[in-house]
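The values are calculated or read from the model by the stated rules, or taken from the named source; none is laboratory data. Here the structure is a predicted model, which means the values were calculated and not measured. Every residue, glycine among them, receives a Cβ derived from its backbone with ideal geometry; neighbour counts consider all protein chains shown. In case anyone asks, the SASA skips ligands and DNA or RNA and just uses the protein heavy atoms, side chains included. Shrake-Rupley method; radii C 1.70, N 1.55, O 1.52, S 1.80 Å.
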Amino acid sequence: MNFIDKVKEIVKSNERKSIILTEGEDERVINAIEKVLDYCDIIVVGKLGKEINGVKTIDPSNYIDSFSKKLYELRKDKGLTLDESKNLLLNNNMYFACMLLLNGIGDGIVSGACHTSMDTIKPALELIKSEKIASSFFIMDINNKTYLFSDPALNVNPNSEELAWIGIESSYSYKKFTKEEPRTAFLSYSSLGSGKGDSVEKVKNAVSFAKNIDSSLLIEGEIQVDAAINKTVSSIKIPNSSLNGEANVLIFPDLNSGNIGYKLVKEFTGATCYGPILQGLNKPVNDLSRGSNSDEIAGVILITCLEAL
């Protein structure tokens, strides 16, 4: 059973959730909706490009008076006026979707099929908010093996403590989504002292922080990616490795390497990629790569249901 089949099984056996979508006119989103209706309810903000039985559409103009006042109260200290609140809700489906979620309409949001990651993430950070560092990851389904790549979409250059928390939360997410034990590698161009530099020290310190936060997790680093996922290379470079070349959670040192890394794997291997999944927010909100196909969009919708359980 592959990763998404496991997610379907869990979602199907639990309380049915409602997921808000903001891009109902995108053909890939329409196809994804048809793939998930056996597992969840769908709410579309604005127009739906095809009539689909059971899908609820919401016109933002019907909520504008009450929601604009609430948005104004939430953001007036940041300089947002009441008129600006109205315009934002009428012209930006993601801000409106966040207001739906805050008002108990829907259990999670998926957006980003035809918008940038920042278009999805900025409203979520402003309105849904995070009590700790928010970060992102991709679930990568490669030859029936499931990996988690973090952080490819949100934190540009996290410091050691931030990177530690990204690794900890990513490990927890991997276990929640896969029901398997995380084996977490903090990646670098160095393996346990083979290289030097500020980036190496950052990752090394992050590993120390992470182990102090939760010593029960299997964490190793700094480590090169081939030693993290290849048993033969691991035996040569790190003979006593605790991961033994079997890492399933890969923590990249910055956004550049994370974003480039997941896209290289996707393009060269044809891997199925679900995400970016956001973690650390107070309610489930997830992004999509603009290169996502309908199966990947459907997968993110189902993952959002799982987060909402």
*asked:* Being in contact with an Asp or Glu (Cβ under 8 Å, 6 or more places away or on another chain) and under 20 Å from SER257 (Cβ atoms) is the filter here; which residues of region 172-192 pass it?
replied: TYR174, ARG183, THR184, ALA185, PHE186, LEU187, SER188, SER190, SER191, LEU192
*asked:* If THR146 meets every condition in (1) within 25 Å of LYS237 (Cα to Cα); (2) assigned to a loop (DSSP other than H, G, I, E, B); (3) open to solvent by 10 Å² or more (accessible area, probe 1.4 Å) apart from one, which number is that one?
replied: (2)
*Starting from region 61-89, take each residue that is at negative phi and list its partners that are outside any helix (DSSP H, G or I) and open to solvent by less than 40 Å² (accessible area, probe 1.4 Å), counting only C-beta distances under 8 angstrom and pairs at least six apart or across chains.*
LEU71/LEU80; TYR72/LEU80; LEU88/LEU80
*Given the structure, is VAL200 free of Cβ contacts under 8 Å to residues at least 60 places away in the same chain and open to solvent by 10 Å² or more (accessible area, probe 1.4 Å)?*
no
*within 25 Å of GLY299 (Cβ to Cβ), in a loop (DSSP other than H, G, I, E, B) and in contact with a Gly (Cβ under 8 Å, 6 or more places away or on another chain), is that true of GLY24?*
yes
*asked:* Within region 164-179, take every residue that is without any contact (Cβ under 8 Å) to a residue 60 or more places away in the chain and open to solvent by less than 10 Å² (accessible area, probe 1.4 Å) and give me the one that is farthest from LEU302 (Cα to Cα).
replied: ALA164
*Quick one: which residue in SER234, SER208, SER190 is open to solvent by 30 Å² or more (accessible area, probe 1.4 Å) and of a type in the set (Ser, Thr, Tyr)?*
SER208
*Select from region 1-27 the residues that are within 19 Å of the chain's Cα centre (by Cα) and closer than 18 Å to MET94 by Cα and list them in ascending order.*
SER18, ILE19, ILE20, LEU21, THR22, GLU23
*If you check ALA308, ALA228, ALA271, which single one turns out to be in contact (Cβ under 8 Å) with a residue 24 or more places away in the chain and over 21 Å from the mean Cα position of the chain (by Cα)?*
ALA228
*Which condition breaks for GLU161 when tested against (1) within 19 Å of LEU243 (Cα to Cα); (2) surrounded by fewer than 18 Cβ atoms within 10 Å (Cβ to Cβ); (3) modelled with pLDDT of 95 or more?*
(1)
_Subset tally (residues that are open to solvent by 70 Å² or more (accessible area, probe 1.4 Å), among the polar types (S, T, N, Q) and part of a loop (DSSP other than H, G, I, E, B)) for region 47-85_ = 1
_Matching residues in region 260-286 - criterion: being surrounded by 18 or more Cβ atoms within 10 Å (Cβ to Cβ) and of a type in the set (Phe, Trp, Tyr)_ = TYR262, TYR274
